[in-house]
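Here is the structure we will look at, set down as structure tokens.
The values are calculated or read from the model by the stated rules, or taken from the named source; none is laboratory data. Quick caveat, the model's predicted, so the values are computed rather than measured. Every residue, glycine as well, gets a Cβ built from its backbone with ideal geometry; the counts of neighbours run over all protein chains shown. Note: accessible area is taken over every heavy atom of the protein model, side chains too, but ligands, DNA and RNA are not part of it. Shrake-Rupley method; radii C 1.70, N 1.55, O 1.52, S 1.80 Å.
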Amino acid sequence: MKTENIRKDFPILIRKINGKRLVYLDSAATSQKPISVINAVKDFYENHNSNIHRSVYKLAEEATEIYENARRTVAEFIGAKTEEIIFVRNTTEALNLLAYAWAMRNIQKGDEVLITEMEHHSNILPWQMVCKAKGARLVYANIRNFVLDMKDFKNKLTKRTKLVSVTHSSNVLGTINDVKAIGRLAHDAGAVFVVDGAQAVPHMKVDVKDIDADFYAFSGHKMLGPHIGVLYGKKHILDKMEPFLRGGSMIKDVTQQDAVWNDVPWKFEAGTPMIAEAAGLGEAVKYLNALGMDNVRKHEIQLTEYCLKRMKEVAGIDVYGPESGRGGVISFNLGKVHPHDVSAILDNDGVCIRGGHHCAKPLMHALGVDAVSRASVYIYSDRDDIDVFIKALGKANEKLGD
Ligand code: PMP
């Protein structure tokens, strides 16, 4: 995988920030987009724009085909059946869909929902809502040395656990969870197993059937695509579920007092969906397939190792995350300097990193900090990016250190 060739596909990377080369190290928040994805969205509006599913004229047929082809491409990418792919806005909406359409109907008083201390708020707040409404308990498995404490997880997985929801890869620690093993334990306990794959699908080969997840959520915008998300669900479970949102496109029949739902996945896609965004996501998947997900992962491992090694040169730095078995997300603090100040100083050198709680306040609490800085890499990141970043960290240290 030649990064210098990949970089040419990303128009934004030629931009200068404060007269400096753009060093984009915030791909965990959102990825940049290759020209093929940008062109797919443009092509949809320029040549095929119309609404889908509801008409028999040529243009509408083309739009429908583009949208449904994207669904097929995404399904193949994660080893799912086409009808098991539901397009949503993002991971957050996917998990809320599950909370309203599955958990609110299946979780009862006295039940438990088991998550971990390293979850993003998107994989916490929907379950808080369900547990409060139903008189159920939200239980957190602890982390230890930046990884999930499996002993604690097993202790907290009981007959009362009806749902287990775990991040595949942490957006703060970079930790990659063994979701296949966790899923087996969850199923043995009789629980439904949900995976938040927002930080995994963009970076590694994911096979939802191999993992045996009942549901798996991820965001297109973190994997080179536009702002669209995906919820995978096992067909036999989706078939039994009530819809989340009600309105156009999701019905077979409507009478004054009643309605018959459409088949999955359309039962869960009420109203006009994100058609151009789906077209862009289909292209994003093709781009990743052409690189090969094993190569994507290899590049990330090499660059993360290099970055972690170079960060050891920076005085007074604390890094939060495991040394290996991790994704390309590196969180740290420079002594007592606030992460927002670190980000602002780095911005002067064209370096984009994020600072704050990263929508993971219970994790911040477990780490004993209010906030951390986070650098995150992707396929277009290279050693030059890391070198500029390390140099800028040195400057921040000189300027802000005590
Ligand atoms: N889960 C994880 C692990 C994430 O990193 C994010 C995005 N930061 C989300 C969920 C939410 O994704 P989105 O904002 O696309 O809904």
Here the membrane-span-like helices of the chain, with no claim about any membrane, defined by DSSP H, Cα axial extent at least 24 Å and mean Kyte-Doolittle at least 0.0, are 275-291
With label points built 7 Å along Cα→Cβ from the Cα atoms of N145 and R21, find their separation and express it in nm.
3.7 nm
Only bridges whose two residues both fall in the stretch 111-183 count here: according to DSSP, what percent of them are antiparallel, nearest 5?
25 percent
Take the Cα of E62, step 7 Å along the line toward its Cβ, and report every residue of the stretch 274-308 whose backbone nitrogen sits under 15 Å from that point.
276, 279
Cα convex hull of the chain - mean projected area over all directions, nm²
20.5 nm²
Quick check on the chain: of the DSSP beta bridges with both residues there, what percent are antiparallel, nearest 5%?
60 percent
Need the full-extension length gain, K309 to K361, defined as separation in residues times 0.36 nm minus the C-alpha distance. One decimal, nm.
16.0 nm
Where the accessible area of the chain is counted over protein heavy atoms with a 1.4 Å probe, how much of it, in %, is carbon and sulfur?
50 percent
Send over a whole-number figure in Å² for the accessible area per residue of the stretch 38-289, probe 1.4 Å.
42 Å²
So, relative contact order of the chain in percent, Cα under 8 Å, 6 or more apart, is 23 percent
When each of K151/K205; K109/K235; K180/K205; K109/K156 is checked by Cα-Cα distance, pairs over 22 Å:
K151/K205; K109/K235
For L138 and T272, extending 7 Å from Cα along the Cα-Cβ vector and measuring point to point gives, in nm, a value of 3.5 nm
Given unit charges at Cβ for Lys, Arg (+) and Asp, Glu (-), the dipole magnitude of the stretch 38-289 about its Cα centre in debye, nearest 20, is 880 debye
Among 290-299, 379-388, how do they line up from the highest to the lowest mean number of other beta-carbon atoms within 10 Å?
379-388, 290-299
Tell me the label-point distance for the pair D318, K235, using the 7 Å Cα-to-Cβ offset, in nm and rounded to one decimal.
5.1 nm
Do any of K81/K361; K209/K286; K81/K222; K33/K252; K2/K222; K2/K81 go past 26 Å between their Cα atoms, and which?
K81/K361; K33/K252; K2/K81
Identify all lysines with a Cα-Cα distance to K20 below 16 Å; exclude those on the same chain that are fewer than 8 residues away in sequence.
K391, K395
Comparing N49, N155, N333, which has the greatest mean-square fluctuation in the GNM of the chain with Cα pairs linked when under 10 Å apart?
N155
